[in-house]
Amino acid sequence: MLAGGSVAAPGLRLHVPSPDWRDQVIYFVVTDRFADGDPTNDDQGAGEFKAGDAERYNGGDLAGLTRHLDYIRGLGATALWITPPVANQWLAPGGTSAGYHGYWAENFTRIDRHLGTLDDYRRLSDALHRRGMFLVQDIVVNHTGNYFGYRGGWDAADPARHAEVYTDTPPVPRPSQPPFDLDDPRDAAQRAAAIYHWTPDIVDYNDPAQLANFQMAGLDDLNTENPVVRRALRASYDGWIREVGVDAFRVDTAFYVPPAYFDDFMHARDAAAPGVALAARRSGRRDFLVFGEGFGIDRPGDDRESRRIAAYMSDPQGRSLLPGMLNFPLYGALGDVFARGHAAAELGDRIRSMLAVFPRPHAMVNFVDNHDVERFLAGGSVAGLKQALLALMTLPGIPALYYGTEQGYTVPRAAMFAAGYASGGVDHYDRSAPLYRAIAGMTALRREQRLFSRGLPVVLGANRARSGAIAWRTDWRTSAGRESALVVFNTSDGPTLLDALPTGLAPGTLLRGLYGMGSSDGPPADVVVGRGGLLTLPLAARAALVWKVTRERHAIPAAAAALAIDALPGAVVEGDFEVAGSARGAARLQFLVDDDLGGAAAVVPGADGRWRAAVATAALGDGAAPHRVTIWAPGEGVVASREFGFQRRWQPLVDVAIPPGRDRGPGGRYRYPPGDDWAAVDPMALRRVAVAGAGGALRLDLTMAGLSRAWNPPNGFDHVAFTIYIELPDRAGGATVMPLQNADLPGGMRWHLRLRVGGWTNAIFGPEGASATNEGRPLTPGATVSVDREARRVRLELPAALLGPHLSGARILVTTWDYDGGYRALAPEPGPHTLGGGAADDPKVMGDSGVIVVP
């Protein structure tokens, strides 16, 4: 029985059969931030509660969740995932932050008093099940709270040396649950019990030994190789299935535990403490879902992190470990393509990769943001968010919606209730909100068209050079035959051409409109597949269209026009060039580069049928990507295309060495958080800025005192984020405020473009709506980022399309700080995750370049 528990009241519906998880939609909440149903449990009197404070308990609880289940169900969600409800360490040593989130356990078998009682949890389970919904509990097997650590060194041969035990950790000085209470490395008997790894904090997250055995951010690392630990964890989590009726688990920090551990966790044949899959079967759940967190994002063209994630689902012999995992690689691609304007093909490649690498793609849990990363809308647009959500609903895997997304949230852990953090003093359960209604429509599409939850997509085409068209056909084979649907997006903020898409369908096939958004919402018009099974369509900006493939066939008239493009000057060109070709039977043509309809040029063939058009490369994106020129006869539906590459001719414009004294904040008083990963690397110290141009394109080379990648970031560097302000010549308007940095631009400078680039973030903003608390209007595409570790250099490139025809007279300011879902906090004294030397509202600028003027 769970600690402090009692027999469940009769009549509660706690145990129901497992659903087909492929068909579910999960809604994920940070319980403390969702709804306060019982104010009497908010403040436990230890200084841990302060409504509206980001780092303290705010008052959300289980009773509040139960009260708002119909709001959640109205979105189309069928399962509720809650952060760990177990008894937590309320305050970290020193009291700098609170365990409101649930991931600092002191007892894995008790409900935390801030959240309510065991009976409250059972009532939530019952209420979900009576609505046909399911309960997903977040769990931790890697660590407890922070009750011991090391100061002044660490000796693996003598773990008592340098050890210190923390007692200012309410509500208890050590875990209250045996055997986890054996946590004092200074005591020989407790060391011998080996419940914990007696280790300091991880410094290098790329070191597998540190990852598996050291403390993550001071949290006491459990020795999951110890059979006593394994049995205690199984027994603890079996109890939540048995006594509350939990239907699934999400495993936090799975990457910090060896994959083999999960064979025991899932399948151990121990009568008293069986593996959770066996325990679930005893309750009637034959498909108990367990999905792990493996925070790994692959760069385009790479699948190393995906394969690392897959290793937690099946061992080398093919034995099943965890049924599913969080799909971080897909999360990365969705953000890059729909929020940051990367080439649409990056998403297509990721879809192909996940189908090839993950052993059970339908058991992956897909998401666009969560509590550990910045919100999509922190750097992306509402239109982009709606596209990303529709992609979740039409791809294999279980969609997970993060609370507040439906209300347009931009702050990662903002509260939904008026008294909570970043709520603006009002409740946010508005079922008429535009995003709430939009999401409800998307979940209805997935619910009504089972091929999206059970079928497999075939990526048919995607723009490889820029944002633009991407399309996949989803096929589902049933006993009645094959069902198929076509899903098409335009990820660009301007119109684009879907250029001769090979649908794999018979010519004349009728596609019936199911769902659409873009220039107008509602199902798109029916279309007919053209000659050769090809489909060419103009797409409005940010269009997202879904058609069902029918068995109806229409006659296709013979082509009345023929188009051709001559051979290009070379496979790779330098600078601008001219394209020529021929046209027969078409008097009105459009010439496009990279299918950009907004920039299309009208072309009129001569009397001999010949035509010519010019290509300006300065406005194009990545020169190494395969680009495309297309001639299109709109009235005839005929196109011809050729690919090319180009090489920019970069010209140095200005090179600035940063003088000493500009790398420790105002007055040189700021200090890094403790630890060699900060001080030894000096990651925020900017040493040189080199500016280059090519036409109107811009390149910035940022040379640093040191570069870190200890946290394995997808952009190749961490412990620093660059915020860069650009004032463009001959452009009016602009802003002087430095959003979220508690400062204004120096020297009368105004910004027209603002970049925020870090290890996990790459966003660009215009000044519209910018304020001290608002970053401005999100723009695309984001900067192209590359890293030369040997040279300690981060390179950023921006196309001329964002900047204008020339750079002469532009002013640039580069600043450094760090960003982790928000600009890292500043306090008088540095802490594990806080910079020191200033007040919370002092400027968040560690280093800066000074204002650089482009000659």
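Computed quantities for the displayed model
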{"read-out": "Residue match in the stretch 757-777 (condition: closer than 19 Å to residue 335 by Cβ, small (Gly, Ala, Ser), open to solvent by 10 Å² or more (accessible area, probe 1.4 Å) and touching a residue at least 12 places away in the same chain (Cβ under 8 Å))", "value": "yes"}
{"read-out": "Residue satisfying condition, being buried (at least 24 other Cβ atoms within 10 Å of the Cβ), under 19 Å from residue 86 (Cβ atoms) and at pLDDT 95 or above, within set 339, 280", "value": "280"}
{"read-out": "Conditions (1) β-branched (Val, Ile, Thr); (2) without any contact (Cβ under 8 Å) to a residue 60 or more places away in the chain; (3) open to solvent by 20 Å² or more (accessible area, probe 1.4 Å): number failed by residue 615", "value": "(3)"}
{"read-out": "Spans of strands (runs of 3 or more DSSP E) in the stretch 128-215 with at least 2 residues under 30 Å from residue 79 (Cα atoms)", "value": "134-140"}
{"read-out": "Restricting the stretch 699-715 to residues that are more than 23 Å from residue 335 (Cβ to Cβ) and in a strand (DSSP E or B), the residue that is least open to solvent (accessible area, probe 1.4 Å)", "value": "704"}
{"read-out": "Subset of the stretch 618-633 [open to solvent by 40 Å² or more (accessible area, probe 1.4 Å) and in contact (Cβ under 8 Å) with a residue 40 or more places away in the chain]", "value": "619, 622, 626, 628"}
{"read-out": "Residue within the stretch 16-27 that is out of contact with any helix residue (DSSP H, G or I) (no Cβ under 9 Å at 6 or more places or on another chain) and surrounded by fewer than 17 Cβ atoms within 10 Å (Cβ to Cβ) present", "value": "yes"}
{"read-out": "Pairs where the first residue, in the stretch 432-450, is at pLDDT 95 or above and the second is among the charged types (D, E, K, R) and not in a helix (DSSP H, G or I), C-beta under 9 Å, 6+ apart", "value": "436/430; 437/431; 438/521; 440/431; 441/521; 449/483; 449/548; 450/483"}
{"read-out": "Total residues in the stretch 22-55, condition outside any strand (DSSP E or B) and under 19 Å from residue 139 (Cα atoms)", "value": "5"}
{"read-out": "Candidate set: the stretch 457-511, residues that are open to solvent by 30 Å² or more (accessible area, probe 1.4 Å) and among the β-branched types (Val, Ile, Thr); chosen: the one farthest from residue 387 (Cα to Cα)", "value": "478"}
{"read-out": "Residue that is farthest from residue 625 (Cα to Cα), among those in the stretch 439-456 that are surrounded by 18 or more Cβ atoms within 10 Å (Cβ to Cβ) and in contact with a Lys or Arg (Cβ under 7 Å, 6 or more places away or on another chain)", "value": "453"}
{"read-out": "The stretch 39-50 - residue that is among the small types (Gly, Ala, Ser) and open to solvent by less than 50 Å² (accessible area, probe 1.4 Å) and, of those, nearest to residue 425 (Cα to Cα)", "value": "47"}
{"read-out": "Wholly enclosed strands (runs of 3 or more DSSP E) of the stretch 512-568 bearing at least 3 residues open to solvent by 40 Å² or more (accessible area, probe 1.4 Å) and among the basic types (Lys, Arg)", "value": "544-553"}
{"read-out": "Top-ranked residue in the stretch 716-727 [being assigned to a loop (DSSP other than H, G, I, E, B) and open to solvent by less than 10 Å² (accessible area, probe 1.4 Å); ranked as nearest to residue 792 (Cα to Cα)]", "value": "717"}
{"read-out": "Answer residue from the stretch 800-818, given it is out of contact with any Pro (no Cβ under 6 Å at 6 or more places or on another chain) and modelled with pLDDT of 95 or more and is most open to solvent (accessible area, probe 1.4 Å) among those", "value": "811"}
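Conditions (1) open to solvent by 10 Å² or more (accessible area, probe 1.4 Å); (2) within 23 Å of residue 252 (Cβ to Cβ); (3) of a type outside the set (Ser, Thr, Tyr), marked per residue:
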site: 29; (1), (2), (3): no, yes, yes
site: 36; (1), (2), (3): yes, no, yes
site: 55; (1), (2), (3): yes, yes, yes
site: 68; (1), (2), (3): yes, no, yes
site: 83; (1), (2), (3): no, yes, no
site: 89; (1), (2), (3): no, yes, yes
site: 93; (1), (2), (3): yes, yes, yes
site: 109; (1), (2), (3): yes, yes, no
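The values are calculated or read from the model by the stated rules, or taken from the named source; none is laboratory data. Source: prediction; values computed, not measured. Note that we place each Cβ from the backbone using ideal geometry, even for glycine, and neighbour counts take in every protein chain shown. Surface accessibility is based on the protein's heavy atoms, side chains included, excluding ligands, DNA and RNA. Shrake-Rupley method; radii C 1.70, N 1.55, O 1.52, S 1.80 Å.
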